[in-house]
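Worksheet for the structure shown next.
The values are calculated or read from the model by the stated rules, or taken from the named source; none is laboratory data. If you're wondering where the values come from, they're calculated on a predicted model, not measured in any experiment. Note: ideal-geometry Cβ built from the backbone for every residue, glycine included; neighbour counts use all protein chains shown. These accessible areas exclude ligands, DNA and RNA; they are computed on the full protein's heavy atoms, side chains included. Shrake-Rupley method; radii C 1.70, N 1.55, O 1.52, S 1.80 Å.
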Amino acid sequence: MTSATTTIARRVTLLGLSLLALAACTSTSSEASDGGAQPPLPTIGLGSDIGQLSGGADVRAIDAGAVESIVMIGDSITVGATPALEEQFQQLGFSDVTIVAQQDKRIGQTFGDNSSGADIATFLANDMDGAPETQLWVVALGTNDISQYNDVEDVIPVVESVLAPIPDGAPVVWVNTYFEDRPADTAEVNAAIERAIAERGNATVGPWNVYAPADGVLRSDGVHPNTEGAVVFASVVTATVANFLQT
């Protein structure tokens, strides 16, 4: 394990302790959307299984020491979790973090001054300095695309439109979606994300859909995290990143 990885591991362990307290005070007794028992809320630690919980994507370890910066593109869920994300990324040892998030942001559709994720990715990729492997990309889009397409095959090229401008050598984490009242359409978007990420390689999926259904995480709309849920969302993101960075 490199010195950079050791530093990350130590900071992740400390962060995990605070999340254990959150998990202890948040009930997870209700049933998950697939009818099974819900998992405990996420704790962060190198070597955990959190990066593999989404199911389809191949989690491949990358060189933790090579990653110098993080770029994240998101929608309103990311907007609400930005303070927690910045704090947790800092605890992971990343001070160079750029978060571009806006309410109602779509993966591939631009509306007025709300640029699509694909356009944002293109702009950021064109402005990127340094080798691709030094910048980790996190994408947390898809919630606003639920119920907007006919099937998985229609969603896959939309997801790929964000991945296309990201340099091949850059590692990618895509955080999937959860919409309580639209389980079938949510599953289609998540399946498209899984397939596109698996095909790309050097990428993994953050399993927000696994932890969002836990009691006390979401607001009454069944989509947006409440205050504690924003911390859980950030934890899913940073735990997936931490797991992805193990060597």
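Miscellaneous remarks
Here's the yes/no breakdown for (1) open to solvent by 60 Å² or more (accessible area, probe 1.4 Å); (2) farther than 25 Å from Ala66 by Cα; (3) of a type in the set (A, V, I, L, M, F, W, C); (4) touching a residue at least 24 places away in the same chain (Cβ under 8 Å):
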| residue | (1), (2), (3), (4) |
| --- | --- |
| Gln90 | yes, no, no, no |
| Asp96 | yes, no, no, yes |
| Ala125 | no, no, yes, yes |
| Leu136 | no, no, yes, yes |
| Gly142 | no, yes, no, yes |
| Ser147 | no, yes, no, yes |
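- When residues in segment 120-152 are screened for being more than 17 Å from Asn190 (Cβ to Cβ) and part of a helix (DSSP H, G or I), 10 of them pass.
- Selection status of Ala101, at pLDDT 95 or above, open to solvent by less than 20 Å² (accessible area, probe 1.4 Å) and either of a type in the set (Gly, Ala, Ser) or farther than 20 Å from Thr186 by Cβ (or both): no
- Of the listed requirements (1) surrounded by fewer than 18 Cβ atoms within 10 Å (Cβ to Cβ); (2) modelled with pLDDT of 95 or more, Met72 misses just one: (1).
- Residue tally, condition surrounded by fewer than 17 Cβ atoms within 10 Å (Cβ to Cβ) and either among the basic types (Lys, Arg) or without any contact (Cβ under 8 Å) to a residue 60 or more places away in the chain (or both), over segment 186-220: 3
- Qualifying residue in segment 229-242 (condition: part of a helix (DSSP H, G or I), polar (S, T, N, Q) and either farther than 18 Å from Trp137 by Cα or open to solvent by 50 Å² or more (accessible area, probe 1.4 Å) (or both)): no
- Residues of segment 86-119 satisfying the condition of being part of a helix (DSSP H, G or I) and either within 17 Å of Ala164 (Cα to Cα) or basic (Lys, Arg) (or both): Gly117, Ala118, Asp119
- Some residue of segment 188-199 being over 21 Å from Glu68 (Cβ atoms), of a type outside the set (Phe, Trp, Tyr), assigned to a helix (DSSP H, G or I) and over 16 Å from the mean Cα position of the chain (by Cα): yes
- Filtered residues of segment 153-185 (kept if closer than 16 Å to Leu141 by Cα, among the hydrophobic types (A, V, I, L, M, F, W, C) and in a helix (DSSP H, G or I)): Val155, Ile156, Val158, Val159, Val162, Leu163
- Take the conditions (1) charged (D, E, K, R); (2) closer than 20 Å to Ile77 by Cα; (3) touching a strand residue (DSSP E or B) at 6+ places or on another chain (Cβ under 8 Å); Arg200 misses just one of them, which is (2).
- Residue that is over 12 Å from the mean Cα position of the chain (by Cα), in contact (Cβ under 8 Å) with a residue 12 or more places away in the chain and open to solvent by 50 Å² or more (accessible area, probe 1.4 Å), where the choices are Pro132, Pro165, Pro183: Pro183
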